[in-house]
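What follows is a single structure, written as structure tokens, with notes after it.
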Amino acid sequence: MRFSISVVATYVTAASATINWTLQKAANPTADQQDAYTRIESAMKLAAARYARFTDASKTVRVYYSPGVPTAEANYNGDLRFGADRAYMTERTAMHEIAHTLGVGQTAAFDRNCAANNWPTATPLLRSWDGPTAKINCGGGHFWPYGLNYETEWSETNGDRHVQMVDAMLADGM
């Protein structure tokens, strides 16, 4: 008697970003620092998880609580700083700043693509959501729509679209 066992494997692929981040903390934090760390960690966890769902971009990000920063700021080298204003310790802000670490407003390629409005991947994606005349606008190191430049732009849909736009911009050579 012979038995045969067949195994059929199904693979599902999904984007999986590796936004590795570490929050630099004081050895003996004050109450203000501890509160900020808790809020920043929550924002960064949510932002990194959303990036993992919609892009395979990778970046190592060093996160700091810097009370002298008015809102938040980040650059291409991977440094991201949140200021003392708790209104900016949100998923939206973390996502916006992660985009800067990936090149938004930080690279010559971003500037060139903006100046020429040359986004062969990102523009069709935008138009699939917003219609055939939709255009990516750039200025001051930012893009819109879906740049999440202000808290008033936040929604779950806009958060998802933000990451997809950044991913498309990366595909376009940002």
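The values are calculated or read from the model by the stated rules, or taken from the named source; none is laboratory data. Everything quoted here is computed from the prediction, not taken from an experiment. Reconstructed Cβ throughout: ideal geometry from the backbone, glycine too, with neighbour counts over all protein chains shown. These area figures cover heavy atoms from the full protein model, side chains too; ligands, DNA and RNA do not enter into them. Shrake-Rupley method; radii C 1.70, N 1.55, O 1.52, S 1.80 Å.
Summing charges over all other residues whose Cβ lies under 14 Å from the Cβ of Ala84, with Lys and Arg as +1 and Asp and Glu as -1, gives -1. Extension gain for Thr157 to Gln24 (0.36 nm times residue separation, less C-alpha to C-alpha distance): 44.8 nm.
Can you figure out the FRET efficiency of Arg53 with Ala31, using R₀ = 41 Å and their beta-carbon distance, to the nearest 0.05? In this case the efficiency is close to 0.75.
List the chymotrypsin sites (Phe, Trp or Tyr not before Pro) within the range 54-89 that fall in a DSSP loop (any state other than H, G, I, E or B) and whose Cβ has at most 16 other Cβ atoms within 10 Å.
Counting only loop positions with at most 16 other Cβ atoms within 10 Å, the chymotrypsin sites (Phe, Trp or Tyr not before Pro) in the range 54-89 are Tyr76.
Taking every C-alpha pair closer than 8 Å and separated by at least 6 residues, the mean separation divided by the residue count of the chain gives a relative contact order of 20 percent. (1) 1.21; (2) 1.10; (3) 1.51: which one is Cα Rg over 2.2 N^0.38 Å as calculated from this entry? Entry (1).
Rolling a 1.4 Å probe over the protein chains gives Asp35 an accessible area of about 60 Å². With protein chains left intact and a 1.4 Å probe, residues in the range 56-112 average 39 Å² of accessible area per residue. Going by accessible surface with a 1.4 Å probe and the largest first, Trp154, Trp144 read Trp144, Trp154. What a 1.4 Å probe finds exposed on the chain is 51% carbon and sulfur by accessible area, rounded to a whole percent. Does the range 123-174 come out rounded, prolate or oblate by the C-alpha gyration tensor, with a ≥ b ≥ c the root eigenvalues, rounded set by a/c under 1.5 and, if not, prolate when a/b is larger than b/c and oblate if not? Verdict is rounded for the range 123-174. Provide the FRET efficiency to the nearest 0.05 for the Ala134-Ala108 pair, computing r from the beta carbons and using R0 = 22 Å. In this case the efficiency is close to 0.30.
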